[in-house]
């Protein structure tokens, strides 16, 4: 594999996010001529979006399929780095994920970047849970694949691939944290404390409202298009994104991460 050019399919899983157009432009510039770039933007549940993506990856039939969620912006060397990491995968490994600098957590988190070996997508397709059965459907698929010998590798690199959840629409921020209240219940206390400190940030206050409202709900759908978003949040504008603001935010976060890792090393 090291001597052969790596060709990948790149699929953006979009659901109306404010950053989709910028992400598309970034990936189009970075990809090689042989790579295929597609976007899935139908208004369907997350489980259906996973199925749609797996089927498209199998149809396009490149050796590797890279899924990227629409709420991400990537670094200028992202595709090159992904291709450099692919040869590190073991024969029976399903794929790998990469961390992103998360706006609301303020630190690196594994989010919507998933590099799959396309040959394993047929089996993964059979394991997609029914809509609403699992709060983390893609994690469920990876866990089930691991049980039959195809492990997911999140330890392949410490590379921070870009930023996550910047410049999003208020309606999307709210929904994300309603869902987050169920997906990451152990994080609620830490997140609330962080959000309360950001009193002058409208985005953080919307996120806080989403967490609180989510706690009061018994069940939450993975289909944001059939979710009841508060009327006053539906049409509010996104945070402004442009090349300058993206670069500034990325520099600030990278410096923050450097300090974060230095502090970890001192405690080891």
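Read-outs: derived from the displayed coordinates by stated rules, not from any lab. Computed from a predicted structure; not experimentally measured. Counting neighbours? That spans all protein chains shown, and the Cβs are built from the backbone with ideal geometry, glycine included.
Computed on alpha carbon atoms, what radius of gyration and Dmax characterise segment 8-164, expressed in Å?
Rg, Dmax (Cα atoms, Å): 14.5, 40.
What nm value, rounded to one decimal, do you get for the distance between residue 218 and residue 109 when each label is placed 7 Å out toward the C-beta?
So the two model labels end up 2.7 nm from each other.
How far is the Cα center of segment 117-185 from the Cα center of segment 25-84, in Å?
Cα centres, segment 117-185 to segment 25-84: 14 Å.
Quick check on the chain: helices-only [θ] at 222 nm, where DSSP H runs of length 4 and up contribute -39,500 (n - 2.57) each and the sum goes over total residues. Nearest 500, please.
Working: 10 runs with 118 residues, N = 268.
Computed mean residue ellipticity for the chain: -13500 deg cm²/dmol.
Could you work out the percent of alpha carbon pairs in the chain separated by over 31 Å, rounded to a whole number? It would help to have the intermediate numbers written out before the result.
Working: 9084 of 35778 pairs.
When every Cα pair of the chain is considered, 25 percent fall beyond 31 Å.
Fully extended, how many nm does the chain gain between residue 158 and residue 197 (0.36 nm per residue separation, minus their Cα-Cα distance)? Provide the component values of the computation, followed by the final result.
On the way: separation 39, 0.36 × 39 = 14.04 nm, distance 2.88 nm.
The span from residue 158 to residue 197 would gain 11.2 nm if fully extended.
Using 0.36 nm per residue, how much length does the chain from residue 147 to residue 48 gain when fully extended, once their Cα-Cα distance is taken away?
On the way: separation 99, 0.36 × 99 = 35.64 nm, distance 2.30 nm.
Length difference between fully extended and current span is 33.3 nm.
Once R0 is set to 25 Å, what does the formula 1/(1 + (r/R0)^6) return for the Cβ-Cβ distance between residue 32 and residue 125, expressed as a FRET efficiency to the nearest 0.05?
Values: r = 27 Å, r/R0 = 1.07.
Once rounded, the FRET efficiency stands at 0.40.
Using only Cα atoms, tell me the angle between helix 137-147 and the longest principal axis of the chain; keep it within 0 to 90° and round to the nearest 10.
Around 40 degrees separate the two axes.
Tilt of helix 243-267 relative to the longest C-alpha principal axis of the chain, in degrees (0 to 90, nearest 10)?
Orientation of helix 243-267: about 90 degrees from the principal axis.
Based on the Cα atoms of segment 38-96, what semi-axes does the equivalent ellipsoid have, where each is the square root of 5 times one gyration tensor eigenvalue, given in whole Å with the largest first?
Values: eigenvalues 98, 54, 20 Å².
Each semi-axis is √(5λ); the values are 22, 16, 10 Å.
Calculate how steeply helix 170-183 sits against the longest principal axis of the alpha-carbon atoms of the chain, using the helix alpha-carbon long axis, and give the answer as 0 to 90 degrees to the nearest 10.
80
Could you grab the relative contact order for the chain? Cα pairs under 8 Å, six or more apart, rounded to a whole percent. Kindly include the intermediate steps, with their values, before the conclusion.
On the way: 411 pairs, mean separation 53.4, N = 268.
Over the chain, the number comes to 20 percent.
Antiparallel versus total DSSP beta bridges in the chain: what percent is that, nearest 5? Numbers along the way, then the final one.
Values: 15 of 31 bridges.
For the chain, the DSSP antiparallel bridge percentage is about 50.
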